[in-house]
Amino acid sequence: MDVRSQVSMVFHLDKCIGCHTCSIACKNIWTDRKGAEYMWWNNVETKPGTGYPTKWENQDIYKGGWEKNGDSVSLKGAGKFKGLKNIFHNPHLPVLDDYYEPWTYKYQDLFTAPEGDDQPTARPVSLVTGEHMDIQAGPNWDDDMGGSVDYARQDVNLDKLTPAEQEAMFQLERMTFHYLPRICNHCLNPACVASCPSGALYKRGEDGIVLINQERCRAWRMCVTACPYKKSYYNWNTGKSEKCVLCYPRLESGQAPACFHSCVGRIRYLGVMLYDADRIEAAASAPDDQLVNAQLDIYLDPFDPEVIKQARLNGVADSTITAAQNSPVYKFVKIWKLALPLHPEFRTLPNLFYVPALLPTMANVANGVYNSTSKSLWNGVESNRLPMKYLASLFTAGNTGKVVEVMKRLMAVRLHRRGVTVGDLSSAEISVAMNEVHMDADTADAIFRLTALATFDERFVIPPAHREESIEMLENTADVKGNTGFGFKEKPARGL
Amino acid sequence: MTNYLLFVALPYASLAIFLVGSIYRYLNRGFSVSSVSSQFLEGRKLFWGSQPFHWGLFVLFFGHLIAFLFPRAIIAWNGQPVRLLILEIAAFSFGLCALLGVVLLINRRLTSRRVQIVTSKMDVVVYLILLTQIISGLLVAYHNRWGSSWFAAFLTPYLRSIFVLDPQIDAIASVNSLSLKVHIISAFSLVGLIPFTRFIHFLVYPVDYLWRSYQQVIWNWPRKHIRTSRSHSEGHKSLNN
Ligand code: HEM
Ligand code: SF4
Ligand code: SF4
């Protein structure tokens, strides 16, 4: 057993209101620079939808992530052989137009336009070329387009559904959407790290944050291809790739990352997970339908004396172990089994887990008649407006049983709380729901509390950084890590 | 005198600048060492330019290297005319590949607005010198047949004399071929330009990727060692920092 600690995350999708505050918080701190305008280390997309960059989930196009190869895994579109062969031109690299061309407006024209019959306008100009442009796409171009032909119906996850099921999903009365905020997952088996020919990417041992050393990146641009979540971005101005740093300077000083801190819906949780690094390869190469369980299995019980002993031997600080014991992520993922990884079939073992949205399940269509009165307050989860197969394609590599299980647990908590606060449900109905998922009232109340009432300190249990041992704190971060976003020691010009 | 400047002074100046400049840039201006890919802004035309250009250069580079290091092997190979022809035609085709590539790359720089934005002054120098180098090389191959054979007699001794610090330029100076002289001069200029241009990127070709493990985990401080050892001073700064 090789016990390591990992800063992990949970996003509760039922609570996300799609306000994009998180994206803006991130942009203002990290990516408000030339060459990084198009980057959204944190983005919030609408599901069903095509996402950012367009159709990023479709690995037939982008060749990201790992594929199963016997007892192990190999990179789909990069790696030692493929990477060095394609180094002069990477056939799977997304280009600017797959994201969007960033622009601004010529606001000055509003003031300087000569007097005339027409209103002066501020024309858009490209932030790449500086020339006038017709805007084709932008950040969140498909925001809220949950039923649209151009976006929602192009969602890659629909491929798993039969045409009839797809039609049913897009009936006017059933149409629905939810938001999917995404950041780098700081994976346990990061494809980006594995793909980098010059070894510029690395995972920090102490907390598992994945970073790109800007001094060692040589623009071989393989990580952009390899990351199946498209969370490594190429800065066309500096000739270096950049990615989410999980606000490590904030984490080291005990603050939550900016997107977490600013989240209006309070959907975000952050905490430590202890895991067994020896089992990464086995978990990453499990068969599709067992992937989620295989991944969840490698996270260890931080109360188990044997785990604690091994963690100490490995140099995990006691304060980190305590943080792991209080981790809200551990509760959501391991104890309550409510959160699932996004697209586990990419086999990177992502450390960002999602509590799926319990979308309106009240109405259904029977014999062509839309019926919003149901026997019970909520219909069964099977009549969820988004088919379980769709959610399974997002969160469990197609294992619908696993999604249904999570939805039933979420439903049980709701029924229980409805019983407590309003009391208009029969206790039989509640106990049937609770018993089906083996949940007791205390657990349901604890879930409710952490979901709805949690304070800042309950949502973010940040392990203290150990100043006495951590080099970044003793020396100037920019000098030591060669990382991005702190401003530059050198003029961020391309080459010489 | 001119010959002395061009075939002795220039090579030594270039090699010195190359050595000192590249090491300095690598160590102190690491951020600028990059292939500064522009594929993100334009991908299609790059494919048709970059692939033939790089593969062409790749083969030519090793061809020159082998001729320099093992001239006898090349001469022995060329003992039969068929083999000589095969070698010469293959080398010439890769030269044409490189020329085609560089022309397409220049065309791309001229026609794609986005790529123009990221084209620096030094990139212009890069393309001029590459054009000179490749065209003069092709001219030499065409007019002064068969290069693979006389290379050993003329150039190898000259190059070797440069590297052993005992420059012998009589043979070179007496050669009556402008293209050959241009080819040599531009080659040494190119070497001298490496630290000041994007040429630096081929010095950092990532061979070590072949033997390193896929995943890289870096501890800021090897806590495990510190905790289990009796010494207070044990533990070292990780190399990636
Ligand atoms: C085997 C070692 C080499 C590797 C791995 C390599 C790799 C690359 C890469 C990744 C690019 C960026 C292409 C893009 O825009 O995406 C590039 C561009 C370039 N390389 Fe190389 N290269 C190598 C050798 C060379 C050599 C020997 C030369 C010339 C002496 C050279 C000259 C250039 C030039 C001029 C460009 C700019 C192309 C353009 O964007 O117009 N490369 N190289
Ligand atoms: S999400 Fe992508 S960039 Fe982030 S660690 Fe995983 S593979 Fe790397
Ligand atoms: S700030 Fe929170 S609620 Fe708002 S979009 Fe981001 S994740 Fe959703």
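The values are calculated or read from the model by the stated rules, or taken from the named source; none is laboratory data. Quick caveat: nothing in here was measured; it's all calculated off a predicted structure. Cβ atoms come from the backbone with ideal geometry, glycine included; neighbour counts cover every protein chain shown. Remember, those area values only see protein heavy atoms, side chains included, never the ligands or the DNA or RNA. Shrake-Rupley method; radii C 1.70, N 1.55, O 1.52, S 1.80 Å.
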- request: Within the stretch A:258-269, identify whether any single residue is among the hydroxyl-bearing types (Ser, Thr, Tyr) and within 16 Å of ligand 3 (Cβ to nearest atom), and answer yes or no.
  value: yes
statement: All-but-one check, A:Trp103 against (1) open to solvent by 50 Å² or more (accessible area, probe 1.4 Å); (2) modelled with pLDDT of 95 or more; (3) away from chain B (no Cβ under 14 Å), failing number (3)
query: Going by the conditions given, is A:Cys192 within 14 Å of chain B (Cβ to nearest Cβ), under 23 Å from A:Cys26 (Cα atoms) and in contact with a strand residue (DSSP E or B) (Cβ under 7 Å, 6 or more places away or on another chain)?
result: yes
task: Looking only at the stretch A:139-155, decide whether some residue is within 29 Å of A:Trp220 (Cβ to Cβ), in a loop (DSSP other than H, G, I, E, B) and polar (S, T, N, Q).
output: no
statement: Per the filter on the stretch A:171-190, residues charged (D, E, K, R) and either surrounded by 24 or more Cβ atoms within 10 Å (Cβ to Cβ) or within 19 Å of A:Gly51 (Cβ to Cβ) (or both) are A:Arg182
message: Tell me the residue from A:Val193, A:Val272, A:Val292 that is part of a helix (DSSP H, G or I), away from ligand 1 (no atom under 16 Å from the Cβ) and farther than 30 Å from B:Ser32 by Cβ, please.
response: A:Val292
- request: Quickly run through the stretch A:90-100 and pick out the residues that are over 17 Å from A:Asn235 (Cα atoms) and at the interface with chain B (Cβ under 7 Å from one of its Cβ atoms).
  value: none
query: Which of the residues that make up the stretch A:262-297 are within 27 Å of A:Pro181 (Cβ to Cβ) and either within 14 Å of chain B (Cβ to nearest Cβ) or within 16 Å of ligand 2 (Cβ to nearest atom) (or both)?
result: A:Leu270, A:Met273, A:Tyr275, A:Ile280, A:Ala283, A:Ala284, A:Leu291, A:Gln295
B:Gly79 farther than 22 Å from B:Asp123 by Cβ and either surrounded by fewer than 16 Cβ atoms within 10 Å (Cβ to Cβ) or small (Gly, Ala, Ser) (or both): yes
- prompt: What residue, of A:Gly51, A:Gly65, A:Gly35, is within 16 Å of ligand 1 (Cβ to nearest atom) and buried (at least 20 other Cβ atoms within 10 Å of the Cβ)?
  reply: A:Gly35
Residue satisfying all of: in the stretch B:1-56; in a loop (DSSP other than H, G, I, E, B) and more than 21 Å from A:Pro197 (Cα to Cα); most open to solvent (accessible area, probe 1.4 Å) among these: B:Met1
- request: Would you mention how many residues in the stretch A:263-285 are touching a helix residue (DSSP H, G or I) at 6+ places or on another chain (Cβ under 9 Å), open to solvent by 10 Å² or more (accessible area, probe 1.4 Å) and either closer than 17 Å to A:Phe353 by Cβ or hydrophobic (A, V, I, L, M, F, W, C) (or both)?
  value: 5
Residue identified as of a type outside the set (S, T, N, Q), in a loop (DSSP other than H, G, I, E, B) and within 14 Å of A:Lys230 (Cβ to Cβ) among A:Gly116, A:Gly64: A:Gly64
task: Could you check A:Tyr179 against (1) among the aromatic types (Phe, Trp, Tyr); (2) away from ligand 3 (no atom under 16 Å from the Cβ); (3) closer than 23 Å to A:Lys27 by Cβ and say which number it fails?
output: (2)
- prompt: Quick one: is A:Tyr234 touching a strand residue (DSSP E or B) at 6+ places or on another chain (Cβ under 6 Å) and either open to solvent by less than 10 Å² (accessible area, probe 1.4 Å) or at pLDDT 95 or above (or both)?
  reply: yes
task: Quick one: A:Phe81 ticks every box in (1) outside any loop (DSSP other than H, G, I, E, B); (2) away from ligand 2 (no atom under 16 Å from the Cβ); (3) touching a residue at least 40 places away in the same chain (Cβ under 8 Å); (4) open to solvent by 10 Å² or more (accessible area, probe 1.4 Å) except a single one, so which number is it?
output: (3)
query: Restricted to the stretch A:199-216, and to residues that are within 16 Å of ligand 1 (Cβ to nearest atom) and open to solvent by less than 10 Å² (accessible area, probe 1.4 Å), which residue is nearest to the other protein chains (Cβ to nearest Cβ)?
result: A:Gly199
- prompt: Quick one: which helices (runs of 4 or more DSSP H) sit completely within the stretch B:115-183 and have at least 2 residues that are at pLDDT 80 or above and surrounded by 18 or more Cβ atoms within 10 Å (Cβ to Cβ)?
  reply: B:121-143, B:147-163
Residue match in the stretch A:297-311 (condition: surrounded by fewer than 17 Cβ atoms within 10 Å (Cβ to Cβ) and closer than 30 Å to A:Ala226 by Cβ): yes
task: Of the conditions (1) open to solvent by 50 Å² or more (accessible area, probe 1.4 Å); (2) within 14 Å of chain B (Cβ to nearest Cβ); (3) touching a residue at least 40 places away in the same chain (Cβ under 8 Å), A:Gly130 clears all except one; give me its number.
output: (3)
- request: Would you be able to say whether some residue in the stretch A:334-348 is away from chain B (no Cβ under 14 Å), in contact with a Phe, Trp or Tyr (Cβ under 7 Å, 6 or more places away or on another chain) and within 16 Å of ligand 3 (Cβ to nearest atom)?
  value: yes
- prompt: What number of residues within the stretch A:225-258 are within 16 Å of ligand 2 (Cβ to nearest atom) and more than 8 Å from chain B (Cβ to nearest Cβ)?
  reply: 20
